[in-house]
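First the structure, in the form of structure tokens, and then the observations on it.
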Amino acid sequence: MPAASANPIFIVSSGRSGSTILTWCLGQHPNILPQEESNWLGPFAVHTAVDYRLGAMRGERGQLSANFISREDLLQAFGDTIDKLIVSRRGQFENVDLRRTAGWAPPPFPVSRSTNEPKARWVDGTPEYSLYICALRKLFPRAVFIHLVRDVRDVVRSLLNFYGDGANRLVETEQAAYEYWLRRATACGDAERAYGSGVVYRLRYVDLATEPEQTMRLLFRFLDEPYAAACLEPLQLRINSSKVPADFDEREADTDPAVVARARRLSDELLGTPQPEAASAEAAAKLEAQFDERVDYLASLEGRPATSASTQATGARRSVE
């Protein structure tokens, strides 16, 4: 399999942590194309791994196995194709006339500042990808991830005042808000340990708000891109934000204090301690196992045959007829 060429950027976090504004900040860079939240890439990787079984289950009698195409080969090939498709649609994405014809508003910030900008990579700030980091690495082995951390107390207040469809809250209760944050922050912390600081970069929301230039300079060093001052401009405008009343009290009597305590401990840890530098093979193996368990579960729902991860990876299972 040729070396992966796609190197997208994914901002992973709990919702209401600033991923939208950071996406547009990075999108002002001449080499980075901002994207709306995609939502489909993580599930696509999992479902493709399920579908791979159809080509591998018959061993030498199946197309994928007979061509010695591993599951990772297939996922990476799809990832490179997706990358090329997204980059190639830059003109359509920023075409204001096309958007008006569709009844859509223009993007909140410029997509390109010059036709000479290469925009060779893209950034996606879908918060739900906190739960799909391993899956996304299978599509895009060279992808990097920005773990955007905001204090859980602020996230909970924002979650309880955010109406994504204009009528319904994203979460219904204080406890649900803490659990929502806890699941995603835990997943991002697991990815930090599994892949190390060369793949996952922890960025504190408070640093972006209080020291934006220094924070962005350090971030671009991680991204291996030159600093661009234009990337600070979106910070001057609040978009997609919750309007939290100053006197809002999120506390509810039936919230489990143990959940709150666990979330606040993790929040304080992520905000107050350095992230792991080195990757952990043990933590990475745990995420691989979780990915395979998810594939097994979906395969069982669809009535697909179960095969071991090692057999799928080599495409070497022989046909049983």
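Below is a table of values for the structure above.
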item: Matching option when the condition is within 30 Å of Gly196 (Cα to Cα), out of contact with any strand residue (DSSP E or B) (no Cβ under 7 Å at 6 or more places or on another chain) and either assigned to a loop (DSSP other than H, G, I, E, B) or modelled with pLDDT of 90 or more (or both), among Ala283, Ala313, Ala306; result: Ala283
item: Single condition Arg53 does not satisfy, out of (1) at pLDDT below 90; (2) in a helix (DSSP H, G or I); (3) closer than 30 Å to Pro118 by Cα; (4) not aromatic (Phe, Trp, Tyr); result: (3)
item: Members of segment 223-253 that are of a type in the set (Phe, Trp, Tyr) and more than 28 Å from Ser197 (Cβ to Cβ); result: Phe248
item: Matching residues, segment 34-50, being part of a loop (DSSP other than H, G, I, E, B) and either touching a residue at least 40 places away in the same chain (Cβ under 8 Å) or of a type in the set (Asp, Glu) (or both); result: Gln35, Glu36, Glu37, Ser38, Asn39
item: Any hit, segment 186-193, residues being without any contact (Cβ under 8 Å) to a residue 40 or more places away in the chain and either within 15 Å of Arg150 (Cα to Cα) or of a type in the set (Gly, Ala, Ser) (or both); result: no
item: Residue match in segment 84-92 (condition: under 30 Å from Arg193 (Cβ atoms) and either in contact (Cβ under 8 Å) with a residue 12 or more places away in the chain or not in a loop (DSSP other than H, G, I, E, B) (or both)); result: yes
item: Residue within segment 23-30 that is surrounded by 24 or more Cβ atoms within 10 Å (Cβ to Cβ) and under 27 Å from Glu179 (Cβ atoms) present; result: yes
item: Only listed residue being touching a residue at least 12 places away in the same chain (Cβ under 8 Å), surrounded by fewer than 15 Cβ atoms within 10 Å (Cβ to Cβ) and either outside any helix (DSSP H, G or I) or not charged (D, E, K, R) (or both), chosen from Glu213, Glu233, Glu252, Glu225; result: Glu252
item: Looking only at segment 81-98, and only at residues there that are crowded, with 17+ Cβ neighbours inside 10 Å and not hydrophobic (A, V, I, L, M, F, W, C), the one that is nearest to Phe140 (Cα to Cα); result: Asp83
item: Subset of segment 144-181 (residues that are among the aliphatic types (A, V, I, L, M), over 16 Å from the mean Cα position of the chain (by Cα) and closer than 26 Å to Pro257 by Cα); result: Val152, Val155, Val156, Leu159, Leu160, Leu170, Val171, Ala176, Ala177
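Here's the yes/no breakdown for (1) buried (at least 18 other Cβ atoms within 10 Å of the Cβ); (2) among the aromatic types (Phe, Trp, Tyr):
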| residue | (1), (2) |
| --- | --- |
| Phe44 | yes, yes |
| Tyr52 | yes, yes |
| Ser70 | yes, no |
| Gly79 | yes, no |
| Pro107 | no, no |
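The values are calculated or read from the model by the stated rules, or taken from the named source; none is laboratory data. Just so it is clear, the structure is predicted and the values come from calculations on it, not from any experiment. When we count neighbours, we look across all protein chains shown, and the Cβ atoms used for this are built from the backbone with ideal geometry, even at glycine.
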